[in-house]
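The values are calculated or read from the model by the stated rules, or taken from the named source; none is laboratory data. None of these values were measured; they are calculated from a predicted model. Ideal geometry is used to build each Cβ from the backbone, glycine not excepted, and the neighbour counts take in all protein chains shown.
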Amino acid sequence: MSEVITYFQNIKDTVSSIFEGMSITFSHFVRKPSTVQYPDRIAQQVQDTLPLRYRGILEVDMDICTGCLACERVCPINCIAIGIERNAETNQRDFTLFDIDICKCMYCGLCMEACPTGSIRHTQEFEGACNNPAGLVRHFVTENVPLYKPKKGGETETRMIQKVDIGKRYMDEIAEPES
Amino acid sequence: MSEAAGSTGLHTEDMTLNVGPQHPSTHGVLRFVVKTDGEVINEAIPDVGYLHRSIEKIGEKCTWHGYVPYTDRADYLAAMFANQGFCMAAERLGGVEVPPRGEYCRVIACELNRVASHLIAVGTFGQDIGAITPFLHALRERESINDLMEEICGARLTYNYLRIGGVGYDIKPETCARIAAFLDHFEPIVDEYNRLLSNNKIFIERLADVAVISKEDALQYNLVGPNLRASGVQWDIRRDIPYSVYPELDFEVPVGRGERGTQGDSYDRYYVRIRELLESCRILRQCLDKMPEGPAVAKVARKFKPPAGETYVRIEAPRGDMGYYVVSDGSEYPYRVRIRTGSFTAMSIIDKISPGIMVADLIALIASLDVDAPEIDR
């Protein structure tokens with residue numbers, strides 16, 4: 001007799017626990033949805049909602065890059081390639097190459113921490129799909145540009161002041177670990 | 001292969017089955033060679049090595065700082081712990097002192113990561129057994145943690161947050177407030193999981209008394225972490241071999257009590273993780289309260305060269321005791337890095353426990369051990 005009671009007790013427990021679970025599932029009909037229909041029906045571009053520290057695809061501001069090669073040296077997978085040559089005419093050192101292979105990059109953020117001017121930065125961009133892997137090598141030097149030399153007593157040109165400022169702010173906010 | 005005449009005089013033989021390498025319940029590339037007699041398993045031999053990426057060898061070719069992002073890949077579900085193990089080993093070799101705020105940042109990040117990892121364990125457990133809804137509920141909460149991690153360190157999965165000597169970025173007060181808000185939201189959700197999954201009669205019947213691992217077996221096969229605690233052994237590196245700031249924190253070590261069946265069954269291994277979720281929340285709250293001011297990272301030379309020597313560091317990762325044996329020869333590169341992970345030993349016990357259980361219960365056993373294929377092979 002007791003076996004029969006246990007049998008029906010089990011059925012009762014099973015059914016009641018199923019409905020217990022169902023009640024949670026049903027309660028989600030009236031809760032705020034936690035999903036969005038990406039990428040068509042979003043209120044804001046995802047890139048704009050990402051936090052400042054987000055480590056997306058790298059970019060380099062060549063105007064404030066001093067060519068110290070710190071990023072190239074610190075990169076664990078050598079995805080940064082920098083070429084510097086002495087220009088015979090101006091007797092200055094010029095960048096001939098600054099390539100970042102996005103295919104190889106593992107977004108570890110060690111390069112931006114090593115950068116003294118904040119010229120190499122992680123952007124909020126993460127969509128990099130393209131048909132050819134060669135398209136994922138970002139060339140930052142199209143024609144030879146001279147290395148940046150910080151002026152004594154600060155920059156005078158407005159454009160440069162802004163750029164140096166952006167780099168500094170980036171370093172303070174993100175790359176500089178000390179609080 | 002054993003051959004015998006059955007009771008009816010008909011010729012019978014064991015059937016050899018391959019579970020994996022691609023199987024929905026193996027959580028990665030993992031293969032079992034299973035010999036079955038009908039539905040009953042006679043032997044299940046795990047075959048590991050499909051995900052070997054020679055992370056240990058890479059360690060010898062990278063600088064000390066440059067190896068930290070690679071350790072992320074040792075265990076993708078709990079990257080923060082792999083970071084911490086290596087950083088602690090390097091610090092011990094180089095004699096680097098981590099500032100208190102750095103330690104608290106580490107513990108906050110690690111415990112958040114533990115919650116995320118246990119959510120995956122609990123969610124996929126349900127999914128392997130056949131309950132898909134709880135998996136989605138678990139992943140929803142994990143997404144919130146990923147968002148928090150993104151704010152703390154800028155990445156969602158391979159964090160590379162810890163540095164030798166501290167952490168990469170300080171946790172800002174607004175982020176702390178968001179973590180606290182998340183905890184307020186999350187703790188009631190655990191109760192929801194219990195109603196959804198833990199108290200479900202079908203789930204309990206499916207797991208109670210299935211694949212019981214006794215205390216002795218667990219110790220002999222060197223199980224670690226929640227799997228060991230589920231068998232009734234009170235052992236937690238955080239408490240027993242304290243590191244970081246864990247001695248200052250008050251937390252309990254949940255142990256399997258045989259709630260719905262025998263101590264050390266699959267249900268206990270599941271439920272220990274649920275209770276650890278709440279313990280992690282407790283640790284997080286204490287850390288947020290106690291956060292001291294000051295720098296988050298110590299000054300460490302960019303060309304970090306610890307003096308020659310060797311060390312072994314143990315930390316409590318979500319999958320148990322994670323060990324880093326690091327040898328330095330005084331150069332810019334580690335001489336040897338050896339990683340010991342919890343999943344590897346968890347695999348070895350499957351051989352012992354599986355004879356006599358059903359094929360479907362093998363899936364429950366694998367899921368309950370929470371093995372993580374990348375962590376097994378490294």
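Things worth noting here:
- Residues that are assigned to a loop (DSSP other than H, G, I, E, B), within 14 Å of chain A (Cβ to nearest Cβ) and at negative phi within the stretch B:278-310 comprise B:MET291, B:PRO292, B:GLU293, B:PRO295, B:ALA296, B:ALA298, B:LYS299, B:VAL300, B:ALA301, B:ARG302, B:LYS303, B:PHE304, listed in sequence order.
- Residues that are closer than 30 Å to A:THR35 by Cβ and not small (Gly, Ala, Ser) do occur in the stretch A:115-122.
- Looking only at the stretch A:1-31, and only at residues there that are in a helix (DSSP H, G or I) and away from every other protein chain (no Cβ under 11 Å), the one that is farthest from the chain's Cα centre (by Cα): A:SER2
- Any hit, the stretch B:311-329, residues being within 14 Å of chain A (Cβ to nearest Cβ) and of a type in the set (A, V, I, L, M): no
- Residue check, B:PHE251 under 23 Å from the mean Cα position of the chain (by Cα) and outside any helix (DSSP H, G or I): yes
- When the stretch B:215-244 is filtered for residues that are surrounded by fewer than 18 Cβ atoms within 10 Å (Cβ to Cβ) and closer than 15 Å to B:ILE350 by Cβ, the ones remaining, listed by number, are B:ASP217, B:GLN220, B:ASN222.
- Of the strands (runs of 3 or more DSSP E) entirely within the stretch A:61-179, those holding at least 3 residues that are closer than 23 Å to B:LEU162 by Cα and at pLDDT 85 or above occupy A:120-122.
- Options A:THR49, A:THR66: the member that is within 14 Å of another protein chain (Cβ to nearest Cβ) and at negative phi: A:THR49
- Complete set of residues in the stretch B:75-92 that are away from every other protein chain (no Cβ under 14 Å) and under 25 Å from B:PRO21 (Cα atoms): B:ASP75, B:LEU77, B:ALA78
- The residues listed here are B:SER231, B:SER144, B:SER244; of these, the one that is within 10 Å of chain A (Cβ to nearest Cβ), of a type in the set (S, T, N, Q) and within 20 Å of the chain's Cα centre (by Cα) is B:SER144.
- Pick from the stretch A:115-150, criterion under 18 Å from the mean Cα position of the chain (by Cα) and among the acidic types (Asp, Glu), ranking: farthest from A:ARG73 (Cα to Cα): A:GLU127
- Once the stretch B:43-71 is narrowed to residues that are farther than 24 Å from B:GLN22 by Cβ and among the charged types (D, E, K, R), the residue that is surrounded by the most Cβ atoms within 10 Å (Cβ to Cβ) is B:GLU56.
- Among (1) within 20 Å of the chain's Cα centre (by Cα); (2) more than 30 Å from B:PRO334 (Cβ to Cβ); (3) touching a residue at least 60 places away in the same chain (Cβ under 8 Å), the one test that B:ARG106 misses: (2)
- Remark: pairs (first residue in the stretch A:94-118, within 23 Å of A:GLY128 (Cα to Cα); second residue of a type in the set (Lys, Arg) and assigned to a loop (DSSP other than H, G, I, E, B); Cβ separation under 7 Å; 6+ apart in sequence or on different chains) = A:TYR107/A:ARG55; A:GLY109/A:ARG55.
- Filter result for the condition that a residue is of a type in the set (Val, Ile, Thr) and closer than 30 Å to B:GLU143 by Cβ, over B:VAL34, B:VAL96, B:VAL29: B:VAL29
- Taken over the stretch B:193-230, the criterion of being farther than 19 Å from A:THR6 by Cβ, among the polar types (S, T, N, Q) and not in a helix (DSSP H, G or I) is satisfied by B:SER214, B:ASN222.
- Residue list for the stretch B:88-98, filter: more than 17 Å from B:PRO242 (Cβ to Cβ) and either basic (Lys, Arg) or in contact with a strand residue (DSSP E or B) (Cβ under 6 Å, 6 or more places away or on another chain) (or both): B:LEU93
- A count restricted to the stretch B:105-160 and to residues that are assigned to a helix (DSSP H, G or I) and on the phi > 0 side of the Ramachandran plot stands at 0.
- Being in contact (Cβ under 8 Å) with a residue 12 or more places away in the chain, within 12 Å of chain B (Cβ to nearest Cβ) and not in a helix (DSSP H, G or I) is true of A:ARG55.
- Taken over the stretch B:331-360, residues that are under 19 Å from B:THR16 (Cα atoms) and buried (at least 21 other Cβ atoms within 10 Å of the Cβ) amount to 2.
- For the stretch A:32-45, filtered to residues that are surrounded by 10 or more Cβ atoms within 10 Å (Cβ to Cβ) and within 19 Å of B:GLU141 (Cα to Cα), the residue that is nearest to the chain's Cα centre (by Cα) is A:VAL36.
- From the options A:GLU127, A:GLU113, A:GLU85, A:GLU89, residue that is closer than 19 Å to B:ALA155 by Cβ and more than 14 Å from chain B (Cβ to nearest Cβ): A:GLU127
- For the residues B:TYR324, B:TYR312, the requirement of being aromatic (Phe, Trp, Tyr), at pLDDT 85 or above and buried (at least 22 other Cβ atoms within 10 Å of the Cβ) singles out B:TYR324.
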